[in-house]
Amino acid sequence: MATSRSSRKRIRQNLRRNLYNRTVKSSVKTGIKRFMTALESKDVDAAKKEFVAVVTRLDRAGTKRILHPNTVARRKSQMAIKLNALLAVGK
């Protein structure tokens, strides 16, 4: 176990940040799943709404470095391609 005061504080901070980071990542994953479900059901309005919500969550996670910015960009790009494909089919 850590003996110095600063190392005990560091352990407490790491636990707190780990919990927060896990909740944010879980929220992003849930949003992506909702978006994919809306795509599979071919519901354009729901897919657009979920896309906006997920992009917001992804941007926030990337800004706070919970996810790497390149990962955020890649996921947004992949989802946008899928949404645009659905929109093209709908026309």
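What follows draws every value from the coordinates through simple rules; no lab data is involved. These figures come from a predicted structure and were not determined experimentally.
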Can you give me the pair-distance distribution of the chain, C-alpha pairs, 5 Å bins, whole percents? 2, 14, 20, 17, 13, 10, 7, 5, 4, 3, 2, 1, 0, 0
Rounded tilt (10° steps) of 69-90 against the dominant C-alpha axis of the chain: 20 degrees
Identify all lysines with a Cα-Cα distance to residue 33 below 18 Å; exclude those on the same chain that are fewer than 8 residues away in sequence. 25, 42, 48, 49, 76, 82
Based solely on its DSSP helices, what 222 nm [θ] is calculated for the chain when runs of n ≥ 4 H residues each add -39,500 (n - 2.57) and the sum is averaged over all residues, nearest 500 deg cm²/dmol? -30500 deg cm²/dmol
